[in-house]
Amino acid sequence: MAIPVIDICNVHRVYESEAGFMHALRGVTLQVARGEMLCIMGPSGSGKSTLMNTLGCLDTPTLGVYKLEGLDVSQLTDDELAELRATRLGFVFQSFNLLPRATVLNNVVMPLIYTGTPRSQRKELATRALAAVGLPSAYFYHKSNELSGGQMQRVAIARALVNDPAVILADEPTGNLDSATSDMVMKTFFRLRSEGKTIVIITHDPEVAAWADRIVHIRDGKLLTDEEEREIIARTGGRGRT
């Protein structure tokens, strides 16, 4: 049996503050197969951002096990976690997080610099990533602040792709986009998924979730059962695409 790209088992995350303890994740168990597009849905305060931060190795579980491509990340040092984030995980955010005065090409090249990719290879790899998201070459030397929202998100996806990560994690990637542009961005994700990329998306939008192979719902730090998920999908009209 193939090893899941993501395999978390009985994960808890507890935060301590002046107000007391907050149990953000409560025994979450989840597997994501290679080449799957998974959507995580839940209201504000449900634990979905904590779950995303855990999957992105930006936060560590208080209890439980998280394996990425079979590797137990709890055994890694801070430096090893930083390298894992840089090489095996790609991040896409609602606010794009591009350098506004840098060119499109330089924005995509940036992760390659951090991972020590030889200068001679950087432009070729960045160009390949931009081509993969369908951005015309005429835009490669535009500054990112000269682009539309949809174009900026494509650049952000290309930047997430450039190091050939095991997983792309997207946090509300269409939150700042209109419906037509959102559809264009989701078509980009769907094409990448069809090419074998593993993608995990957090969203509030049932129309975005409808592109996924699988939808999981989180409430009060717990993943809902299949029956509870079916009830929610029936109410919202969301359906996974295959």
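With the highest mean first, a sort of the peptides 201-207, 36-42 on other beta-carbon atoms found within 10 angstrom per residue produces 36-42, 201-207.
Calculate how steeply helix 179-194 sits against the longest principal axis of the alpha-carbon atoms of the chain, using the helix alpha-carbon long axis, and give the answer as 0 to 90 degrees to the nearest 10. Long axis of 179-194 versus the principal axis of the chain: about 90 degrees. For the Cα trace of segment 36-146, dividing Rg by the Kirkwood Rh returns an Rg/Rh value of 1.02.
Converting phi to 3J(HN,Hα) with the Karplus coefficients 6.51, -1.76 and 1.60 and the offset θ = phi - 60°, segment 66-74 yields 10, 10, 10, 6, x, 8, 6, 6, 5 Hz in sequence order, with x at every glycine or proline.
Across the chain, C-alpha contacts under 8 Å between residues 6 or more apart give a mean separation that, scaled by the residue count, equals a relative contact order of 28 percent. The Cβ shell under 15 Å around THR198 holds other residues with a net charge of +1, Lys and Arg each +1, Asp and Glu each -1.
Would you please classify the overall shape of segment 165-221 from the alpha carbon gyration tensor, given that a ≥ b ≥ c denote the square roots of the eigenvalues, rounded means a/c under 1.5, and beyond that prolate means a/b larger than b/c while oblate covers the rest? Cα axes put segment 165-221 in the oblate bin.
Cross-link partners for LYS143 among the lysines, with Cα-Cα distance under 28 Å and sequence neighbours closer than 8 places in the same chain left out: LYS123, LYS187, LYS197. Would you mind counting up the charge near VAL104? Only other residues with Cβ under 11 Å from its Cβ, with Lys and Arg at +1 and Asp and Glu at -1. Cβ neighbours under 11 Å give a net charge of +2. Could you give log10 I(q)/I(0) at q = 0.18 Å⁻¹ for segment 1-80, computed by the Debye formula over C-alpha point scatterers of equal weight, without solvent? After summing over all Cα pairs, the log10 values are -0.78. Tell me which of VAL5, LEU63, THR174 sits at the most positive position along the dipole axis of the chain, charges placed on C-beta atoms (Lys, Arg +1; Asp, Glu -1). Of the options given, the answer is THR174. In the chain, the DSSP-assigned H stretches of four residues or longer account for a calculated mean residue ellipticity at 222 nm of -11000 deg cm²/dmol, using -39500 (n - 2.57) per stretch and the full residue count as denominator. In order along segment 34-47, phi translates into HN-Hα couplings of 4, x, 9, 10, 10, 10, 10, 10, x, x, 4, x, 7, x Hz, rounded to whole numbers, per the Karplus curve 6.51 cos²θ - 1.76 cosθ + 1.60 with θ = phi - 60° and x for Gly and Pro.
What is the set of long-range amide H partners of HIS217 at a cut-off below 5 Å, with H atoms built 1.01 Å from backbone N? Those qualifying (amide H under 5 Å, at least 5 residues apart or on another chain) are MET41, LEU224.
In segment 75-233, inverting the average of 1/r over every pair of distinct C-alpha atoms gives 16.6 Å as the Kirkwood radius. Amide H contacts of ILE201 (H built 1.01 Å from N, in plane; Pro and chain starts excluded): LEU38, CYS39, ILE40, ALA170 sit under 5 Å, all sequence-distant by 5 or more or on other chains.
Values quoted throughout were computed directly from the atomic coordinates according to the rules given, and no laboratory measurement underlies them. As the structure is a prediction and not an experimental result, all values here were calculated from the model. Every residue, glycine among them, receives a Cβ derived from its backbone with ideal geometry; neighbour counts consider all protein chains shown.
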